[in-house]
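Structure, as structure tokens:
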Amino acid sequence: MNKEIGRDTGNRVKIGAILGKYGVYIALLVLFVSLSIASSSFLTVTNIFNILKQNSVYGILAVGMTFVIVTGGIDLSVGAIVAMSACFAASLAQDGTTTPIFAAILVGVLIGMGCGAFSGFFIAFANIPAFIATLATCTIARGIVYVFTDGRPVTGVSAAYKYIGRASWGPVPVAVVLYAAFLIAGTFLLKYTKYGRHVFAIGGNKQAATVSGIHVKRVEFLVYMISGFCAAFAGLLLSSRIQTGQPAGGDGYELDAITAAVIGGASLSGGKGSVFGSFIGILVVGILTNGLDLLNVSSYYQQIIKGAIILLAVLADRKKE
């Protein structure tokens, strides 16, 4: 009798371990197969690239957010940075202007990195909790972009600016290529460099990282600059695709980025996560949203489903600890 109980317990432990390690991949496969059967429009080359294109903005945000979460932090400012970088860049990339397109892009990127540096300074050097510091940055950035635009969209962008988010190389959208570049660069930096190892060390145990000689404050500061850089580029991509800089753009995008990272295996307590995992998280959310659209499910119900996914992802994260 005891042997049978022990065998059952062992089996449950093995199943739990498998689900903990491969659960998100299993969920992605089930979702993919189910939607392929439910809708004839889902499994087409055009639709697959459309999913990747539509979610490239969230995906780039999730790359930066993964770095932040691995350190045990959070960045609530990325949505506001998306809007701020987009509006300032779009205002410079006007049709008929003499401003080079690269100058407009550079300004947008520098704004994002500046916002990240602003948050990072208060988090790393003033010891203000990341939640508070990034929330303050979010509020300030939103205020600045509304003052700058007077609450109006920035329209009339040039063809060169539109190219970033709307052009394709054959069947592959340029936006997807750019997202792939961020995935590769982010994976390399986090997984294969000394800096990446320091990021994991800080998330695992900040005190031990300090004792071991890691410059914790500098690493944390740079993490938020990386997040700001990713948010700025996501804003450029978004405004290019919709041909407008929206002062209210990016609202709530931070939740999508956090959800993707956590679904992909990042721990909110720090020390665990991967850029590739955030990509899998983006696919789960993106495919689900696309499938629900194809099945004509109301956007109101979609919000409920997304909220449930966030809750389940956090519960799964807590259960692993």
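The values are calculated or read from the model by the stated rules, or taken from the named source; none is laboratory data. These numbers come from a predicted model, not from an experiment. Glycine gets a Cβ as well: all are built from the backbone with ideal geometry, and neighbour counts include every protein chain shown. Each accessible area value is taken on the protein alone, full model and side chains, heavy atoms only, with ligands, DNA and RNA left out. Shrake-Rupley method; radii C 1.70, N 1.55, O 1.52, S 1.80 Å.
See the values below:
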| read-out | value |
| --- | --- |
| Nonlocal amide H pairs with residue 244, under 5 Å, H built at 1.01 Å | none |
| With Cα atoms, 0 to 90° folded angle of helix 194-204 axis to the chain main axis | 60 degrees |
| Once the Cα gyration tensor of the chain is diagonalised, semi-axes √(5λ) in Å | 34, 27, 16 |
| Gaussian network model of the chain, Cα within-10 Å springs - most flexible of 126, 93, 209 | 126 |
| Computed over the chain: relative contact order in percent, which uses C-alpha pairs under 8 Å that are six or more apart | 32 percent |
| Carbon + sulfur, % of accessible area of the chain - ligands and nucleic acids excluded, 1.4 Å | 67 percent |
| Net charge of neighbours whose Cβ lies under 14 Å from the Cβ of residue 86, counting Lys and Arg as +1 and Asp and Glu as -1 | +3 |
| Highest-MSF residue in the chain out of 265, 114, 96 [GNM, Cα springs under 10 Å] | 96 |
| Of 49, 32, 87, farthest towards positive along the dipole that unit charges on Lys, Arg, Asp, Glu beta carbons give the chain | 32 |
| Residue-normalised accessible area of the chain, expressed per residue, 1.4 Å probe, Å² | 49 Å² |
| Estimated FRET transfer efficiency when R0 is 22 angstrom, pair residue 269-residue 218 (beta carbons, to 0.05) | 0.50 |
| Highest-fluctuation residue, 79, 281, 252 considered, GNM on the chain with Cα pairs under 10 Å | 252 |
| Given charges at Cβ of Lys, Arg, Asp, Glu: the stretch 115-251 dipole, positive-most of 235, 225, 170 | 170 |
| Inter-probe distance in nm under a simple model that places probes 7 Å from Cα toward Cβ, at residue 155 and residue 184 | 3.8 nm |
| Net charge over other residues, Cβ less than 10 angstrom from the Cβ of residue 65 (K, R count +1; D, E count -1) | -3 |
| Folded to 0 to 90 degrees: helix 101-124 orientation relative to the chain principal axis, Cα | 50 degrees |
| Net charge dipole size for the chain [Lys, Arg +1 and Asp, Glu -1 on Cβ; Debye, nearest 20] | 840 debye |
| Karplus-derived HN-Hα couplings along the stretch 206-219 (A = 6.51, B = -1.76, C = 1.60, θ = phi - 60°), whole Hz, x at Gly and Pro | 5, 5, 5, 5, 5, 5, 6, x, 6, 7, 4, 4, 5, 4 |
| Per-residue [θ]222 nm for the chain (sum of -39500 (n - 2.57) over DSSP H runs n ≥ 4, rounded to 500) | -25500 deg cm²/dmol |
| Charge sum, other residues only, whose C-beta stays under 9 Å from residue 241's C-beta, Lys/Arg counted +1 and Asp/Glu -1 | +3 |
| Under 5 Å, built H, 5+ apart or other chain: amide partners of residue 168 | 174 |
| Cα long-axis angle, helix 130-149 against the chain (0 to 90 degrees, to the nearest 10) | 30 degrees |
